Amino acid sequence: MTLVRSKHVFSGRLSQMEESSTMLVMLAAQKLKAEGVDVVDLGAGEPDFNTPDNIKEAAKRAIDRNFTRYTPVAGVPQLRDAILYRYREDFGVERKREEVIATVGGKHSIFNILMTLVNPADEVIIPAPYWVTFPQVVHLCGGRPVTLQTAPEEGFKVTLDSVSRRLTKRTRVLILNSPCNPTGAVIPKAEFLRICELAAQHDVYVLSDECYQRFLYDGGAPYTAAAVPEELRHRVVVSGSLSKTYAMTGWRLGYTIGPAELIGQIAKVQGHETSNPCSIAQAAAIEALTGPQESAQKMIQEYQRRRDFLVPALNGLPGIRCFKPEGAFYVYPDIRGCLKGEMRTSDDFAARLLREAHVALTPGSGFGVDGFVRISYAAAYSALEEAVRRLGEFLRKL
Ligand code: PLP
């Protein structure tokens, strides 16, 4: 029998999905680095700090006592309680163990939530600029991402009014990400609550991605959607992550907090998908959440110091306008004043900057708003100084 080597045909679910633009920049920068080029890399949204020692020690102890087997799908009870403990300590909110599930990172939590809630053709409102993954996961679940544009002159803030204009009969989920990747914008707590009320009135779920929950500057107080009043909780679900707060990106530990019925369905999905998150990472997470919090606090202070350097330094460069974000560890400057000649888009800008000045940052096109770039300041202070110097030289030569 002769076998015909025909083309691969992939599932229709993938037809709308795009490659992550943040990954593409990372790959280009990695290639240059491998060639020996000294690249200042401000592309990745990954803390430059190491995981604190007490957390690493907890993981080592877990291995030594052979805590290396399957655990319950939702995570061990001690971890679910540790997540709730942190929320009680930080926000004074009481939630039940059945209302929380541990996941394989925040991304997994978001995937599970959308997988559990979204039917084909359901609309999911996503404020732009958005984290690149949101629309892609909605596509993967067969849903329809509906973009809600926020305005740079309003500091990219999501407002009640802008949400109400995007609601339709088909709206199923509204995604909120405060503090926001890529803009660092923070929705004021009172406005956030009003948005949750509006969503609940329309029977729409709010997915609150709180991955940068604790990254607030200038004394801003963190808040969580897990603490909304009881009558709203049936329509509010929180996605959280230890990745950024505790510099634990590689450990892959996140969680979801929501109504028990929804968490039960998510556990069903997770049970057939990944099973439990890594047992050793669970042990580390218990220590992270219940142990001393000073190292996380110190990292956040350092991010503020970097932001306070970066924003005025960027505003001093020709053609760049940068508003001061209140949270996360990104700035999202307007580079439209630099786009001329062959350089028409943020992709052109980022590619040329990497090629000529060896600075890696992420074009805004992937975040749904072009004419801007994302700069991550989860990088050493000296790297930021060098990036600004190179960027200045690059811009002056244009
Ligand atoms: N949500 C946002 C807005 C993010 O920026 C990220 C990571 O970059 C995540 C969720 C997921 O993080 P992880 O899967 O590492 O927990």
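The values are calculated or read from the model by the stated rules, or taken from the named source; none is laboratory data. All of these numbers come straight from a predicted model, not from anything done at the bench. Positions of Cβ are backbone-derived with ideal geometry, glycine not excepted, and every protein chain shown enters the neighbour counts. The area values use the complete protein model at the heavy-atom level, side chains included, leaving out ligands, DNA and RNA. Shrake-Rupley method; radii C 1.70, N 1.55, O 1.52, S 1.80 Å.
Just give me the residues in the stretch 37-69 being part of a loop (DSSP other than H, G, I, E, B) and either within 14 Å of Ala283 (Cβ to Cβ) or among the polar types (S, T, N, Q) (or both), in sequence order.
At the first step, the residues of the stretch 37-69 found to be part of a loop (DSSP other than H, G, I, E, B) are 37-39, 42-52, 65-69.
If the condition is that a residue be part of a loop (DSSP other than H, G, I, E, B) and either within 14 Å of Ala283 (Cβ to Cβ) or among the polar types (S, T, N, Q) (or both), then Asn50, Thr51, Arg65, Asn66, Phe67, Thr68, Arg69 are the ones that fit.
Filtering the stretch 281-298 to residues that are open to solvent by 50 Å² or more (accessible area, probe 1.4 Å) and either without any contact (Cβ under 8 Å) to a residue 40 or more places away in the chain or touching a strand residue (DSSP E or B) at 6+ places or on another chain (Cβ under 8 Å) (or both) leaves Glu294, Gln297, Lys298.
The number of residues in the stretch 136-153 that are farther than 18 Å from Cys180 by Cα, open to solvent by 50 Å² or more (accessible area, probe 1.4 Å) and of a type outside the set (D, E, K, R) comes to 0. Residue count for the stretch 214-239 under the criterion of being under 18 Å from Leu174 (Cβ atoms) and not small (Gly, Ala, Ser): the result is 12.
Please go through the stretch 33-45 and give me each residue that is in contact (Cβ under 8 Å) with a residue 40 or more places away in the chain and surrounded by fewer than 17 Cβ atoms within 10 Å (Cβ to Cβ), ordered by number. Give the steps one after another, and end with the answer.
Quick first cut of the stretch 33-45, residues in contact (Cβ under 8 Å) with a residue 40 or more places away in the chain only: 37-45.
Of everything in the stretch 33-45, those that are in contact (Cβ under 8 Å) with a residue 40 or more places away in the chain and surrounded by fewer than 17 Cβ atoms within 10 Å (Cβ to Cβ) turn out to be Val37, Asp38.
Which residue, of Ala74, Ala82, is under 24 Å from Val138 (Cα atoms), modelled with pLDDT of 95 or more, more than 16 Å from the ligand (Cβ to nearest atom) and not in a strand (DSSP E or B)? Even if it seems obvious, please write down each step before you answer.
Details: Ala82 fails: under 24 Å from Val138 (Cα atoms).
Step by step, each of Ala74, Ala82 is checked, and only Ala74 is under 24 Å from Val138 (Cα atoms), modelled with pLDDT of 95 or more, more than 16 Å from the ligand (Cβ to nearest atom) and not in a strand (DSSP E or B).
Considering only the stretch 230-242, I want to know if a residue exists there that is in a loop (DSSP other than H, G, I, E, B), modelled with pLDDT of 95 or more and open to solvent by 10 Å² or more (accessible area, probe 1.4 Å). No: the stretch 230-242 contains no residue that is in a loop (DSSP other than H, G, I, E, B), modelled with pLDDT of 95 or more and open to solvent by 10 Å² or more (accessible area, probe 1.4 Å).
Report those helices (runs of 4 or more DSSP H) wholly inside the stretch 130-227 carrying at least 3 residues which are away from the ligand (no atom under 16 Å from the Cβ) and farther than 22 Å from Arg321 by Cβ. Step through it out loud before you land on a result.
Numbers: elements: 133-140, 160-166, 189-201.
Per the criteria, 160-166, 189-201.
Looking for something at positive phi, open to solvent by 10 Å² or more (accessible area, probe 1.4 Å) and more than 16 Å from the ligand (Cβ to nearest atom) - is there at least one such residue anywhere in the stretch 299-313? If you could, list the steps in order and put the result at the bottom.
Looking only at the stretch 299-313, we keep the residues that are at positive phi, and these are none.
So far as the stretch 299-313 goes, no, none of its residues is at positive phi, open to solvent by 10 Å² or more (accessible area, probe 1.4 Å) and more than 16 Å from the ligand (Cβ to nearest atom).
Output the number of residues of the stretch 314-347 satisfying the condition of being farther than 14 Å from Ile375 by Cα and within 16 Å of the ligand (Cβ to nearest atom). Let's see the steps before the verdict.
From the stretch 314-347, those farther than 14 Å from Ile375 by Cα are 316-319, 326, 336-345; that's our starting set.
If we keep only those that are within 16 Å of the ligand (Cβ to nearest atom) as well, we get 326.
The total comes to 1.
Counting only residues that are outside any loop (DSSP other than H, G, I, E, B), touching a Pro at 6+ places or on another chain (Cβ under 9 Å) and open to solvent by 10 Å² or more (accessible area, probe 1.4 Å), the stretch 99-129 holds 3 of them.
Any chance the stretch 272-280 includes a residue that's in a helix (DSSP H, G or I), touching a residue at least 40 places away in the same chain (Cβ under 8 Å) and more than 16 Å from the ligand (Cβ to nearest atom)? Looking through the stretch 272-280, at least one residue is in a helix (DSSP H, G or I), touching a residue at least 40 places away in the same chain (Cβ under 8 Å) and more than 16 Å from the ligand (Cβ to nearest atom). In the stretch 203-228, the residues that are in contact (Cβ under 8 Å) with a residue 24 or more places away in the chain and open to solvent by 30 Å² or more (accessible area, probe 1.4 Å) form Cβ pairs under 6 Å with partners that are away from the ligand (no atom under 16 Å from the Cβ) and part of a loop (DSSP other than H, G, I, E, B), at six or more places apart or across chains, as follows: Ala227/Val93. The requirement of being without any contact (Cβ under 8 Å) to a residue 40 or more places away in the chain, open to solvent by less than 40 Å² (accessible area, probe 1.4 Å), aromatic (Phe, Trp, Tyr) and more than 24 Å from Gly12 (Cβ to Cβ) is not satisfied by Phe156.
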